[in-house]
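Participant: For reference, the structure I am asking about is given below.
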Amino acid sequence: MSAATAALPRPRPLVTLPGVYSPQDDTWLLLRALYREDLTAGAELLDLGSGSGALAVRAARRGARVTAVDISWQAVLATRLNAWLSGQRVTVRRGDLTAAVAGRSFDLLLSNPPYVPAPGARRPRGPARAWDAGRDGRLLVDRVCDAAAGALRPGGVLLMVHSELCGPEDTLQRLSRTGMRAAVSDRALVPFGPVLRSRLPWLRSQGLLAQGQDKEELVIIRAEHP
């Protein structure tokens, strides 16, 4: 555990299901960024890719009106159960990113999308959908960037977490092209997890990791709709 993540509040999901992403360092980093935002009571928040619902439940506890979206039925069920067991009201939708909330706009958008580069051209299936994101790791990151401005109200904020392996500068530039004011607000070095360890030779062959590197940098991208 890195020093940057050690002090974060650690929500423990009451329900976990097979195939649903369990909260990890990226979750805690995004949660810390969320806690810095001025989340007024009744603010409308969209959690894209809710997984277990850890972030959605915490946002609801702060008084936000939360809508959580995930394409996985297991994640939808986990989020609903965790919200209910925590006594929090969260609207949960199954769908493909913002298509599940078409026509709506929000004050805050959270996203912890899949971002791990993966060999092969086939789209991930099963549990791997929670982390594999194409050869450059940007299969979902780019789509969140392109959808964010249309899902946010003026003054609304996107908070998105991903790894150095999929190009934070590319994310900043892509968001800027949509009119958003974007910057890296947080960084944290974390040890490799089992997925990265399992594909170290491939990642190194692609020039994504240096020989001897044993940690990856996670970043929070904060972008504001003017």
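The values are calculated or read from the model by the stated rules, or taken from the named source; none is laboratory data. Owing to the predicted nature of the structure, the values given are computational and were not obtained by experimental measurement. Methodologically, a virtual Cβ is constructed for each residue, glycine included, from the backbone with ideal geometry; neighbour enumeration extends over all protein chains shown.
Participant: Give the residue, chosen from 50, 72, that is surrounded by 22 or more Cβ atoms within 10 Å (Cβ to Cβ) and of a type outside the set (Phe, Trp, Tyr).
Facilitator: It is 50.
Participant: Going through the range 172-215 one residue at a time, which ones are in contact with a helix residue (DSSP H, G or I) (Cβ under 6 Å, 6 or more places away or on another chain) and either assigned to a helix (DSSP H, G or I) or farther than 27 Å from residue 45 by Cβ (or both)?
Facilitator: 174, 175, 208, 209, listed by residue number.
Participant: If you go through the range 151-167, how many residues are closer than 21 Å to residue 59 by Cα and outside any helix (DSSP H, G or I)? Before the answer, list the steps.
Facilitator: Step one: list which residues in the range 151-167 are closer than 21 Å to residue 59 by Cα, which gives 151-162.
Then drop every residue that is not outside any helix (DSSP H, G or I), which leaves 152-162.
Of the residues in the range 151-167, 11 are closer than 21 Å to residue 59 by Cα and outside any helix (DSSP H, G or I).
Participant: Could you give every pair whose Cβ atoms fall below 7 Å, whose first residue belongs to the range 93-106 and is of a type in the set (Gly, Ala, Ser), and whose second residue is assigned to a helix (DSSP H, G or I), counting only separations of at least 6 or pairs across chains?
Facilitator: Going by the 7 Å Cβ cut-off, the qualifying pairs are 105/151.
Participant: Might you let me know whether the range 114-134 holds any residue that is under 30 Å from residue 205 (Cα atoms), out of contact with any Ser or Thr (no Cβ under 6 Å at 6 or more places or on another chain), of a type in the set (D, E, K, R) and buried (at least 18 other Cβ atoms within 10 Å of the Cβ)?
Facilitator: Taking the range 114-134 as the starting set, the residues that turn out to be under 30 Å from residue 205 (Cα atoms) are 114-134.
Okay, now just the ones that are also out of contact with any Ser or Thr (no Cβ under 6 Å at 6 or more places or on another chain), so 114, 116-134.
Narrowing the set further to residues that are of a type in the set (D, E, K, R) leaves 122-123, 125, 129, 132.
Applying the additional criterion that residues be buried (at least 18 other Cβ atoms within 10 Å of the Cβ) yields 129, 132.
Checking the range 114-134: at least one residue is under 30 Å from residue 205 (Cα atoms), out of contact with any Ser or Thr (no Cβ under 6 Å at 6 or more places or on another chain), of a type in the set (D, E, K, R) and buried (at least 18 other Cβ atoms within 10 Å of the Cβ).
Participant: Further, regarding this structure: Can you tell me which residues in the range 178-226 are among the hydroxyl-bearing types (Ser, Thr, Tyr) and free of Cβ contacts under 8 Å to residues at least 12 places away in the same chain?
Facilitator: We begin by selecting, within the range 178-226, every residue among the hydroxyl-bearing types (Ser, Thr, Tyr); these are 178, 185, 198, 205.
198, 205, listed by residue number.
Participant: Report, by residue number, each residue of the range 175-199 that is over 17 Å from residue 114 (Cβ atoms), surrounded by fewer than 15 Cβ atoms within 10 Å (Cβ to Cβ) and not small (Gly, Ala, Ser).
Facilitator: Within the range 175-199, 177, 181, 184, 187, 191, 197 meet the criteria.
Participant: Residue 148: free of Cβ contacts under 8 Å to residues at least 12 places away in the same chain and part of a helix (DSSP H, G or I), yes or no?
Facilitator: For residue 148, the condition - free of Cβ contacts under 8 Å to residues at least 12 places away in the same chain and part of a helix (DSSP H, G or I) - is not met.
Participant: Could you grab me the full set of residues in the range 111-133 that are part of a helix (DSSP H, G or I) and at pLDDT 80 or above?
Facilitator: 128, 129, 130 - these are the residues of the range 111-133 that are part of a helix (DSSP H, G or I) and at pLDDT 80 or above.
Participant: If the requirement is being farther than 26 Å from residue 17 by Cα, surrounded by fewer than 21 Cβ atoms within 10 Å (Cβ to Cβ) and either out of contact with any helix residue (DSSP H, G or I) (no Cβ under 7 Å at 6 or more places or on another chain) or free of Cβ contacts under 8 Å to residues at least 60 places away in the same chain (or both), which of these qualifies: 87, 155?
Facilitator: 155
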